[in-house]
Structure formats: structure tokens, C-alpha cells
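Right, one structure below, let's go through it.
The values are calculated or read from the model by the stated rules, or taken from the named source; none is laboratory data. Quick caveat, the model's predicted, so the values are computed rather than measured. Neighbour counts are summed over all protein chains in view; Cβ atoms, including those assigned to glycine, are modelled from backbone coordinates with ideal geometry.
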Amino acid sequence: MPIQHIKGTVIPGHGVASGRASDSPYPAGTIALQRPFFQQLGLDLSDCFDGTLNVSVAPMELVLRDPDHTFVDVDWSDHHPPETFSFWRIELIVENVATPAWVYRPHPETKQRHWQPPSMLEVMSPFRSGLTSGSVVSLNDQRQRLQLIDGIRLRARLLEFLKFRVLASQDSFFSKDNLKHRRDWLRQLHPEALQLSDQDLDRVWAQARMLYTEE
């Protein structure tokens with residue numbers, strides 16, 4: 001079930017969001033470049049630091065739903081195609097002090113480099129002094145849209161569950177393979193897998209097809 005308070009650990013990032021990476025093509029940082037576009041689209045981030053805080057919940061993973069904002073195909077740079085971004089309003093809690101913050105998520109399907117693992121969130125907030133790699137923080141979402149899952153176990157169990165169904169029917173198993181059909185089918189036969197994201201389900205389905213169907 002979704003929970004409100006999620007504890008995580010601050011870890012080093014790529015240094016691209018803030019512009020600190022020496023090999024970054026964005027000396028000012030990506031956040032400084034993106035901020036005016038988000039402002040035009042209705043999201044004011046002027047109180048936030050020009051960078052992101054990388055919060056890891058490993059070995060668990062995070063699934064997010066119902067963002068406050070999603071901006072599709074934002075053409076903010078000439079270095080790569082437009083990207084899609086989503087934002088969730090949360091509280092960042094450090095030493096029992098809560099600060100309004102945002103989960104910042106460039107959609108991985110539109111992002112060409114600097115991908116983040118599903119065990120990590122990028123958080124935007126006003127600058128908080130004293131936060132270093134290894135600092136423990138909490139994230140609080142009153143609307144309970146952030147969910148911790150054991151992604152490795154769920155994916156492995158789903159792949160094993162699919163094994164004999166695919167072996168029995170081969171390619172016909174995938175003949176109605178669309179998102180709605182897939183989730184309806186899982187809801188009846190393997191509901192725990194519904195915790196996985198659509199991208200995770202796509203990867204497990206592709207792996208099952210590769211492993212269990214005849215060439």
C-alpha cells in the first residue's frame with residue numbers, strides 16, 4: 001500500500017542539473033535552462049535551488065502516480081529532442097523540519113542520457129544547508145501517490161508466473177498484448193504485479209517473449 005513518509009539517503013548525482021559536472025554541455029545546469037519553460041507552462045520554481053537532490057530508497061524502488069503537473073514534449077534544448085516532465089508536490093523533511101518541495105521526473109522514454117534508477121528520486125526544494133552524501137531525509141506526500149515496492153522480487157515472480165503460460169501458447173499469448181488487456185488479465189490472475197509500472201511490465205513481457213517462445 002502507498003505510505004506517506006518515505007525515508008531515503010542522499011546520494012551523489014551526475015552534476016548535470018546543477019551544472020557542476022565538468023563534462024556537462026550545460027554549464028549553467030539543466031534546471032536553470034528548464035525553469036523558464038516550466039514557468040510559461042504554469043509551474044513556478046523560483047524558490048527552488050538550481051539543482052536536484054538525489055534521494056535513494058535502495059534496495060526498494062518507487063512508483064509514482066497522479067502527478068500535479070505533466071509537461072509533454074518541452075523543447076528546452078538543442079542538444080536533444082524535446083522531453084516530457086512530471087512533478088509531484090511533497091514535503092522534504094530534514095531533522096524534523098519540513099520544507100515544501102517537488103519530485104522532478106524527466107520521463108525516461110524521452111530522456112537520451114543521464115538516466116536514473118527506479119530506486120532514486122530527484123527532488124527540487126529551496127536550498128537546505130548541511131545536506132551531503134549519506135544524509136537521511138524523509139519525503140511526505142499527503143495524497144499518498146508515492147509507493148515503495150520490491151521491484152526485483154515482483155519482476156522475478158511475474159517472469160516465473162508467465163513461463164508456463166507462454167510455453168503453453170507460444171506467440172498466441174501475445175496476440176492481445178495491449179496495456180488494458182494486460183492489466184485486466186493480471187488483475188484476475190496475478191494482482192501483485194499491478195504494483196509495477198507500465199514500463200516494467202513492458203520489459204518483463206519482452207523478456208518472457210525472448211526466453212520462452214521458440215525462434
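Numbers at a glance
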| read-out | value |
| --- | --- |
| Some residue of segment 175-193 being aliphatic (A, V, I, L, M), assigned to a helix (DSSP H, G or I) and at pLDDT below 90 | yes |
| Any hit, segment 84-96, residues being without any contact (Cβ under 8 Å) to a residue 40 or more places away in the chain, in the same structural domain as Thr30 (by TED's automatic domain parsing), among the aliphatic types (A, V, I, L, M) and farther than 16 Å from Ile11 by Cα | no |
| Options Pro117, Pro100: the member that is surrounded by fewer than 16 Cβ atoms within 10 Å (Cβ to Cβ) and in a loop (DSSP other than H, G, I, E, B) | Pro117 |
| Subset of segment 80-96 [on the phi > 0 side of the Ramachandran plot and not polar (S, T, N, Q)] | Glu95 |
| Selected residue (criterion: farthest from Tyr104 (Cα to Cα)) from residues of segment 63-74 that are at pLDDT 95 or above, charged (D, E, K, R) and not in a strand (DSSP E or B) | Asp66 |
| All positions within segment 151-173 that are surrounded by 14 or more Cβ atoms within 10 Å (Cβ to Cβ) and under 28 Å from Pro117 (Cβ atoms) | Gly151, Leu154, Arg155, Arg157, Leu158, Leu159, Phe161, Leu162, Val166 |
| Exclusive hit being closer than 24 Å to Leu33 by Cα, modelled with pLDDT of 95 or more and either outside the structural domain of Asp200 (by TED's automatic domain parsing) or crowded, with 16+ Cβ neighbours inside 10 Å (or both), set Met124, Met60 | Met124 |
| Condition met for Phe49 (modelled with pLDDT of 95 or more and not assigned by TED's automatic domain parsing to the domain that holds Gln195) | no |
| Positions within segment 38-73 being aliphatic (A, V, I, L, M) and either free of Cβ contacts under 8 Å to residues at least 60 places away in the same chain or farther than 14 Å from Trp102 by Cα (or both), in sequence order | Leu41, Leu43, Val57, Ala58, Met60, Leu62, Val63, Val72 |
| Failed criterion for Gly134 (all others in (1) surrounded by 18 or more Cβ atoms within 10 Å (Cβ to Cβ); (2) within 18 Å of Val10 (Cα to Cα); (3) more than 20 Å from the chain's Cα centre (by Cα) hold) | (1) |
